[in-house]
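Read the structure below first, then the notes.
The values are calculated or read from the model by the stated rules, or taken from the named source; none is laboratory data. Being a predicted model, the structure only gives us computed values, none of them experimental. Ideal geometry is used to build each Cβ from the backbone, glycine not excepted, and the neighbour counts take in all protein chains shown.
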């Protein structure tokens, strides 16, 4: 019997990794000290079961977008300065971020813009570990729907 999914082995050379992505600030500057970033949508549904049906169904009632990243601390970044000022004044920064992934095979890009981002949850002020690189973890809430600016080409 032959392999059912022949595309799986044929596409392995085109899999992208972290070296193919980047995170930019609202001015379009590369946040070069960022180790990793992740954006996620958490979708909330309400369940209901109509009369006469044994099947329970769900309908979306809302969603929450988060953006998290970890930066290597090389110097006190603009983000850190804005956070510290926000803690002092009780007015947190509201920022725009752009996540980008570039295919090394055809240079197509997937770009997503995250607007009205505010700090949320736990953020590292200082986090030193013996034998570890100095890093700072950030958590943000994205208060606008993400905007898909460009997408990767289908090389299939």
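Quick one: is residue 101 touching a helix residue (DSSP H, G or I) at 6+ places or on another chain (Cβ under 7 Å) and either assigned to a strand (DSSP E or B) or on the phi > 0 side of the Ramachandran plot (or both)? Yes: the conditions hold for residue 101.
Each row is one residue, and each column tells you yes or no for (1) under 12 Å from the mean Cα position of the chain (by Cα); (2) modelled with pLDDT of 85 or more; (3) in a strand (DSSP E or B).
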| site | (1), (2), (3) |
| --- | --- |
| 1 | no, no, no |
| 8 | no, no, no |
| 13 | no, no, no |
| 28 | no, yes, no |
| 32 | no, no, no |
| 37 | yes, yes, yes |
| 41 | yes, yes, yes |
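Scan the range 57-76 and give yes if some residue there is modelled with pLDDT of 95 or more and assigned to a helix (DSSP H, G or I), otherwise no. Checked the range 57-76: no residue is modelled with pLDDT of 95 or more and assigned to a helix (DSSP H, G or I).
Residue 32 - would you say it is within 23 Å of residue 149 (Cβ to Cβ), surrounded by 11 or more Cβ atoms within 10 Å (Cβ to Cβ) and free of Cβ contacts under 8 Å to residues at least 24 places away in the same chain? Criteria met by residue 32. Among the residues that make up the range 68-83, is at least one of them under 16 Å from the mean Cα position of the chain (by Cα) and more than 21 Å from residue 31 (Cα to Cα)? No, there is no match, as no residue in the range 68-83 is under 16 Å from the mean Cα position of the chain (by Cα) and more than 21 Å from residue 31 (Cα to Cα).
Condition check ((1) surrounded by fewer than 16 Cβ atoms within 10 Å (Cβ to Cβ); (2) over 29 Å from residue 14 (Cβ atoms)) across all residues:
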| position | (1), (2) |
| --- | --- |
| 63 | yes, yes |
| 66 | no, no |
| 84 | yes, yes |
| 99 | no, no |
| 115 | no, yes |
| 119 | no, yes |
| 131 | yes, yes |
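Just the residues that are more than 21 Å from residue 94 (Cβ to Cβ) and in contact with a strand residue (DSSP E or B) (Cβ under 7 Å, 6 or more places away or on another chain), please, taken from the range 26-48.
If the condition is that a residue be more than 21 Å from residue 94 (Cβ to Cβ) and in contact with a strand residue (DSSP E or B) (Cβ under 7 Å, 6 or more places away or on another chain), then 33, 35, 36, 43, 44, 45, 46, 47, 48 are the ones that fit.
Within the range 86-96, track down each residue that is under 22 Å from the mean Cα position of the chain (by Cα) and either exposed (fewer than 11 other Cβ atoms within 10 Å of the Cβ) or part of a strand (DSSP E or B) (or both). Across the range 86-96, the qualifying residues are 95, 96.
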